[in-house]
Amino acid sequence: MSSGVSPEAATGVAPLPELARLWPRFGAIVYDGVLLFGILFITSWLFTVLTGDATRGPGRIAHQAFLTVVIGTYFVYCWRRSGQTLAMKTWGLRLVTTSGQVPTLGQAIGRYVLALAGLLCLGAGFLWAAVDRDRQFLHDRLMGTRIVRAPI
């Protein structure tokens with residue numbers, strides 16, 4: 001006989017959402033790239049107007065560092081605010097911790113830094129999903145985060 005009480009109510013713990021499949025995650029990455037193109041175009045223009053030539057020497061390094069911070073700010077802000085970038089909302093994805101919460105500031109920053117490092121290593125951090133038992137990216141595995149399906 002059924003007691004009429006759901007397992008979540010009996011244990012007080014809701015089940016974690018289903019992990020997102022790889023194709024929607026890669027689709028969101030491409031879409032975020034398109035969105036970032038516009039953001040970086042405007043911020044690069046602003047940087048150049050304020051500082052002058054940024055094509056050589058220290059100006060170039062400063063420009064690259066500035067753009068890296070702009071990108072990081074976009075991702076960390078979105079992940080901390082709702083667990084979703086605009087692209088993730090469109091693809092029905094959400095970044096959560098292994099306990100189902102919005103990532104902490106440290107997790108969001110760490111995830112960005114590790115994702116950037118994995119990208120610079122010929123995409124190894126993303127290709128890791130091909131061998132991971134849960135198909136997670138390496139930066140998610142290391143930071144205790146996961147990308148799950150979210151209602152659109």
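The values are calculated or read from the model by the stated rules, or taken from the named source; none is laboratory data. These figures come from a predicted structure and were not determined experimentally. No Cβ is skipped: glycine too gets one built from the backbone with ideal geometry, and neighbour counts run over all protein chains shown. Calculation scope for accessible area: heavy atoms of the full protein, side chains included, ligands and nucleic acids excluded. Shrake-Rupley method; radii C 1.70, N 1.55, O 1.52, S 1.80 Å.
So the values come out like this:
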{"item": "Output for segment 112-152, where each listed residue is touching a Leu at 6+ places or on another chain (Cβ under 8 Å), among the charged types (D, E, K, R) and either exposed (fewer than 14 other Cβ atoms within 10 Å of the Cβ) or farther than 16 Å from residue 26 by Cα (or both)", "result": "132, 134"}
{"item": "Test result for residue 68, open to solvent by less than 80 Å² (accessible area, probe 1.4 Å) and within 18 Å of residue 148 (Cα to Cα)", "result": "no"}
{"item": "Subset of segment 9-39 that is β-branched (Val, Ile, Thr) and assigned to a helix (DSSP H, G or I) - its residue that is modelled with the lowest pLDDT", "result": "11"}
{"item": "Extreme residue, farthest from residue 112 (Cα to Cα), among residues of segment 53-63 that are of a type outside the set (A, V, I, L, M) and surrounded by 11 or more Cβ atoms within 10 Å (Cβ to Cβ)", "result": "59"}
{"item": "Flag if residue 85 is in contact with a strand residue (DSSP E or B) (Cβ under 8 Å, 6 or more places away or on another chain) and either β-branched (Val, Ile, Thr) or free of Cβ contacts under 8 Å to residues at least 40 places away in the same chain (or both)", "result": "no"}
